[in-house]
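Notes follow the structure.
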Amino acid sequence: MTEIALRERRRRQTEREIGDAALDLFEAGGVDGTTVDDIARAAGISPRTFFRYFPSKERAALVPHVELDERVEAMLAGLSADRPLLDQLEEVWREVLLALDDGRSEAGRLLLRVRRLMRAEPALRLAAAAVDEERLDALVGHLVRLVGADDDLEPRLVVETAGVAVRVSLDRWAGAREAGRAVDLLETYAQACRVVRSPGR
């Protein structure tokens, strides 16, 4: 691993440590009841260092799982212009949901905590929507370059279509788990994909 890659990995690990501290405090006292100073203290850093990593306390709770995020980036980098983009994105998100192992893996437990908090915390939902938009914009840009499109209409529609199926599936899954019901995340996603492709049927 190169020195640059090591630095990036260390940066992500520090983000994860701050994120874990934020999640713990949000679960214990809510977003409104938690300050940046509280998070920084729990993470063993200064508030100034906190703001080098995050623009707000809400964003600190939305750090993706390091290993899973790296895996996603590798899969997205491997997309091909020779196959339908929607098919490929659905395969990527299916692999992501499989890695969550219905909340049993480390990444799955983390995401379930975040989604549960989002259901109760409007400020966190707004921050998550902003993060999603940033990541989707970056993916659209990647697809535009990949296929050599003149504009982003088709790539954006593909990304948004794939993204909404994932978001709805995760919301249904987290809500069911919070209510004590068993919902198969992969089957929910498969159903969402079918509805997206054939609405009204």
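The values are calculated or read from the model by the stated rules, or taken from the named source; none is laboratory data. Everything numeric here is computed off the predicted structure, so don't read it as measured data. Here the Cβ positions follow ideal geometry from the backbone for every residue, glycine too, while neighbour counts run over all protein chains shown. Surface areas here come from the heavy atoms of the whole protein model, side chains and all, with no ligands, DNA or RNA. Shrake-Rupley method; radii C 1.70, N 1.55, O 1.52, S 1.80 Å.
Any chance region 137-152 includes a residue that's surrounded by fewer than 13 Cβ atoms within 10 Å (Cβ to Cβ), touching a residue at least 60 places away in the same chain (Cβ under 8 Å) and either acidic (Asp, Glu) or more than 20 Å from Leu98 (Cβ to Cβ) (or both)? Yes, there is a match, as at least one residue in region 137-152 is surrounded by fewer than 13 Cβ atoms within 10 Å (Cβ to Cβ), touching a residue at least 60 places away in the same chain (Cβ under 8 Å) and either acidic (Asp, Glu) or more than 20 Å from Leu98 (Cβ to Cβ) (or both).
Based on what the data block shows, is Leu157 aliphatic (A, V, I, L, M) and without any contact (Cβ under 8 Å) to a residue 60 or more places away in the chain? Before you say what the answer is, go through the steps one by one.
On the way: aliphatic (A, V, I, L, M): yes; without any contact (Cβ under 8 Å) to a residue 60 or more places away in the chain: yes.
Here the answer is yes, as Leu157 does meet what is asked.
Assess whether Val72 counts as being within 23 Å of Ser169 (Cα to Cα), assigned by TED's automatic domain parsing to the domain that holds Arg109 and modelled with pLDDT under 95. Yes: the conditions hold for Val72.
Before we move on, is Met75 free of Cβ contacts under 8 Å to residues at least 60 places away in the same chain, in contact with a Leu (Cβ under 6 Å, 6 or more places away or on another chain) and open to solvent by less than 70 Å² (accessible area, probe 1.4 Å)? No.
Check whether at least one residue in region 119-130 is open to solvent by less than 60 Å² (accessible area, probe 1.4 Å) and within 17 Å of Asp87 (Cα to Cα), and report yes or no.
Here is the first cut: in region 119-130, the residues open to solvent by less than 60 Å² (accessible area, probe 1.4 Å) are 121, 123-124, 127-130.
Filter once more, so that each one left must be within 17 Å of Asp87 (Cα to Cα): none.
No, region 119-130 has no match at all.
Conditions tested, residue by residue: (1) over 18 Å from the mean Cα position of the chain (by Cα); (2) open to solvent by 50 Å² or more (accessible area, probe 1.4 Å).
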{"position": "Ala5", "(1), (2)": "yes, no"}
{"position": "Thr14", "(1), (2)": "no, no"}
{"position": "Ala22", "(1), (2)": "no, no"}
{"position": "Asp32", "(1), (2)": "yes, yes"}
{"position": "Thr49", "(1), (2)": "yes, no"}
{"position": "Lys57", "(1), (2)": "no, no"}
{"position": "Leu89", "(1), (2)": "no, no"}
{"position": "Leu100", "(1), (2)": "no, no"}
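For first residues located in region 164-185 and open to solvent by 60 Å² or more (accessible area, probe 1.4 Å), partners that are not polar (S, T, N, Q) and lie 6+ apart or on another chain with Cβ distances below 6 Å form the pairs Val168/Ala192; Glu178/Arg116.
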